[in-house]
1. Take residues that are farther than 15 Å from Asp9 by Cα and of a type in the set (Phe, Trp, Tyr) and tell me which of the strands (runs of 3 or more DSSP E) falling wholly in the stretch 25-141 contain 1 or more.
2. Which members of the stretch 112-155 meet the condition of being of a type in the set (Val, Ile, Thr), touching a helix residue (DSSP H, G or I) at 6+ places or on another chain (Cβ under 7 Å) and in contact (Cβ under 8 Å) with a residue 24 or more places away in the chain?
3. Would you be able to tell me the number of residues in the stretch 54-65 that are open to solvent by 30 Å² or more (accessible area, probe 1.4 Å) and not aromatic (Phe, Trp, Tyr)?
4. The conditions are (1) without any contact (Cβ under 8 Å) to a residue 40 or more places away in the chain; (2) closer than 30 Å to Ile48 by Cβ; (3) more than 14 Å from the chain's Cα centre (by Cα), and Ala88 fails exactly one of them. Which is it?
5. Taking the conditions exactly as written (within 17 Å of Val2 (Cβ to Cβ) and β-branched (Val, Ile, Thr)), does Ile71 satisfy them or not?
Amino acid sequence: MVEIYIDADACPVKDEVVRVAARHGIATLMVSDGGIRPSQSPLVKLVIVASGPDAADDWIAEHIGPADICITSDIPLAARCLERGAFAMKPNGEAFTENGIGMALANRELMQALRESGEITGGPKPFSKADRSAFLNYLETTVQAALRVVISADK
């Protein structure tokens, strides 16, 4: 069965994920080191991990399986999920793919070095309505693709 894993600490689309998951009857795990409100949906499980820099990422990477879906902005976590056969996407609707993850990891390292040297300051652009809409569209498409994978594996 398909499950959705949310790297929940700073995820701006938790409510949207819950709505899509409910429409398809998909269990959703919100993984955090605390500070998020439990959902009223019986399909949502809140997973609280120990405090630590990668505790939520490690938990997700250890539990996610083939055809599951991870919602995260964390590129190394996305790479780990893809290695396990899962889908991974950003909260703005951009997909992490096998073909693009290497470049994303390299770009992350480059940007981190530029920030550390002071050549680049600031963070990502603000989250917009267009990002939310793109996310909803891509999540729906990804859920349908994941369900197809599970159905074809059962045959």
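1. It comes to 87-89.
2. Residue satisfying the conditions is Val143 alone.
3. Number of matching residues: 4.
4. So the condition that Ala88 fails would be (3).
5. Yes.
Listed here are the residues, each with its yes/no results for (1) hydroxyl-bearing (Ser, Thr, Tyr); (2) under 19 Å from Leu139 (Cα atoms); (3) open to solvent by 70 Å² or more (accessible area, probe 1.4 Å).
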position: Val44; (1), (2), (3): no, yes, no
position: Gly52; (1), (2), (3): no, no, no
position: Ala67; (1), (2), (3): no, yes, no
position: Asp74; (1), (2), (3): no, yes, no
position: Phe87; (1), (2), (3): no, yes, no
position: Ala95; (1), (2), (3): no, yes, no
position: Glu109; (1), (2), (3): no, no, yes
position: Leu114; (1), (2), (3): no, no, no
position: Lys125; (1), (2), (3): no, no, yes
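The values are calculated or read from the model by the stated rules, or taken from the named source; none is laboratory data. Small disclaimer: the values here were computed from a predicted structure and weren't measured. For neighbour counting, all protein chains shown are included, and Cβ atoms are generated from backbone atoms with ideal geometry for every residue, glycine included. The area values use the complete protein model at the heavy-atom level, side chains included, leaving out ligands, DNA and RNA. Shrake-Rupley method; radii C 1.70, N 1.55, O 1.52, S 1.80 Å.
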